[in-house]
Amino acid sequence: MSRVLIATLVGLVGFILYIAAAVTLADPVERLHWSVQALYFLAAGLLWTIPARWLMYWAARR
């Protein structure tokens, strides 16, 4: 199996799990101050890029 296919499958499954975790954790944050909510959603919106970047570099390696 090629690295690109593995990275794609792992990335899709990981992203779905990440979204589920972010949405689940967003419920308690909903009751907090708007500035805490903003920080949470900013972090949740950007943190997925770290493992995605790693996967892309890994898949592109020869």
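Rule-based calculations on the coordinates, nothing more; no lab input. Computed from a predicted model, the values in this text were never measured in an experiment. All Cβ positions, even for glycine, are placed from backbone atoms using ideal geometry, and neighbour counts span all protein chains on display.
Which residues, taken from the range 40-55, are surrounded by 13 or more Cβ atoms within 10 Å (Cβ to Cβ) and either part of a helix (DSSP H, G or I) or aliphatic (A, V, I, L, M) (or both)?
Listed by number, the residues that qualify are Tyr40, Phe41, Ala44, Pro51, Ala52, Leu55.
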- Message: Condition first: touching a residue at least 40 places away in the same chain (Cβ under 8 Å) and of a type in the set (Val, Ile, Thr). Can you find one or more residues in the range 10-23 that meet it?
- Response: yes
- Query: Being loosely packed, with under 10 Cβ neighbours inside 10 Å and either among the aromatic types (Phe, Trp, Tyr) or touching an Asp or Glu at 6+ places or on another chain (Cβ under 9 Å) (or both), is that true of even one residue in the range 10-23?
  - Reply: no
